[in-house]
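The values are calculated or read from the model by the stated rules, or taken from the named source; none is laboratory data. What you are looking at is a predicted structure, and each value in this text was computed from that prediction instead of being measured. Cβ placement follows ideal geometry from the backbone for every residue including glycine, while neighbour counts extend to all protein chains displayed. Calculation scope for accessible area: heavy atoms of the full protein, side chains included, ligands and nucleic acids excluded. Shrake-Rupley method; radii C 1.70, N 1.55, O 1.52, S 1.80 Å.
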Amino acid sequence: MSNYPVDMSVTPEVKAFFDPDTNTISYVVKDPASAACAVIDSVMDIDYAAGRITYKHADKIISWITDNGLKLEWIIETHVHADHLSAAPYIQQKLGGKIGIGDKIMVVQNTFGKVFNEGTEFQRDGSQFDALFADGDTYKIGNLEAFTIYTPGHTPACMVHVMGNAAFVGDTLFMPDGGSARADFPGGDAGQLYDSIQKVLALPDEMRLFMCHDYGPNGRDIQWETTVAEEKAHNIHVGGGKTRADFIRFRTERDQQLAMPRLIIPSLQVNMRAGDIPTDKDGNPMLKVPVNKL
Ligand SMILES: [Fe+2]
């Protein structure tokens, strides 16, 4: 980890917003030394059966930022989510800030541009986003320094964002009793996911880790915060010295039994466009359902 600018002396304030419809946790991260903040992994509400989009979850985040007099500088996506739609453009329109994601978004856009048979008007160069991060890139939230780590495996564009002693792990890891995310989406790879998890576990033991999802396994209450030390000791998929081969075998078998996420089809179309809803030839917001493509 010596190449990454880890600084455990800075403790950003982290406010979590749990979305019960998709089990996603969105965050507002505040610079302890200024009013600057970032939003991580926001959610736009969809009633998929009705094709209806609303912004209840995003409005809660927006109110919290305005009520506390904060200045939104960044809207970060840890990856192209397949289980919920991003509210990044809605939040940006209300509060400003730059939308950022990993630069491997181009790989994801290529893959799903084909799945959804997008025309040439769909750019596969990540230009829908304001910033594309490479491994080790840094950016600032007020005075708070953030850096990124490539963590492919769940998807090619997955990144962990580290700010002081807080790391936002996306779908690289779940809580210790939840294990890890699936690695069977197009572009996913169980071996890569194991290697990425090792990068997160190489951060300092006291690093606070914030999850993107929690499903409350075995009936426990929803949780989203743990530490590197806890994950190393107790994670049911990678903790306690499980080998790479063990992990690949387990993950591959498990993934074969998983159904597609309920919202994968609308999520990918929206999230690969930085949260914009695609439009038909007349400019009406419209989603497609490709048949037998996933
Ligand atoms: Fe995900």
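Structure notes:
- Output for the range 234-290, where each listed residue is within 30 Å of Q92 (Cβ to Cβ) and either in contact with a Lys or Arg (Cβ under 6 Å, 6 or more places away or on another chain) or of a type in the set (K, R) (or both): R262, R273, K281, K288
- Filtered residues of the range 139-183 (kept if of a type in the set (G, A, S) and surrounded by fewer than 24 Cβ atoms within 10 Å (Cβ to Cβ)): G142, G164, A166, G178, G179
- Hits in the range 233-257 - residues which are closer than 30 Å to G51 by Cα and open to solvent by 70 Å² or more (accessible area, probe 1.4 Å): Q256, Q257
- Within the range 68-79, the set of residues being open to solvent by 60 Å² or more (accessible area, probe 1.4 Å) and in contact (Cβ under 8 Å) with a residue 60 or more places away in the chain comprises just one member, K71.
- Count of residues meeting criterion [polar (S, T, N, Q) and surrounded by 18 or more Cβ atoms within 10 Å (Cβ to Cβ)] in the range 258-286: 3
- Of the strands (runs of 3 or more DSSP E) lying entirely inside the range 1-86, those carrying at least 2 residues that are at pLDDT 95 or above and small (G, A, S) are 36-40.
- Candidate set from the range 62-82 (those that are in contact with a helix residue (DSSP H, G or I) (Cβ under 7 Å, 6 or more places away or on another chain) and farther than 11 Å from V29 by Cα); member that is farthest from the ligand (Cβ to nearest atom): I62
- Residue list for the range 199-245, restricted to those being more than 16 Å from the ligand (Cβ to nearest atom), of a type in the set (D, E, K, R) and in contact (Cβ under 8 Å) with a residue 40 or more places away in the chain: K199, E206, R208, R220, E225, E230, E231, R244
- Those residues of the range 18-67 which are more than 19 Å from K94 (Cβ to Cβ), touching a strand residue (DSSP E or B) at 6+ places or on another chain (Cβ under 8 Å) and open to solvent by 50 Å² or more (accessible area, probe 1.4 Å), in sequence order: F18, D21, P32, A33, D47, R52
- Residue in the range 110-132 that is away from the ligand (no atom under 16 Å from the Cβ) and assigned to a strand (DSSP E or B) present: yes
- Selection status of G187, at positive phi and open to solvent by 30 Å² or more (accessible area, probe 1.4 Å): yes
- Residues satisfying the criterion are present in the range 83-104 (criterion: of a type in the set (V, I, T), open to solvent by less than 50 Å² (accessible area, probe 1.4 Å) and within 16 Å of the ligand (Cβ to nearest atom)).
- Residue pairs whose Cβ atoms lie under 7 Å apart, separated by 6 or more positions or on different chains, with the first residue in the range 98-124 and touching a residue at least 60 places away in the same chain (Cβ under 8 Å) and the second part of a helix (DSSP H, G or I) and hydrophobic (A, V, I, L, M, F, W, C), are I99/A88; F112/L268.
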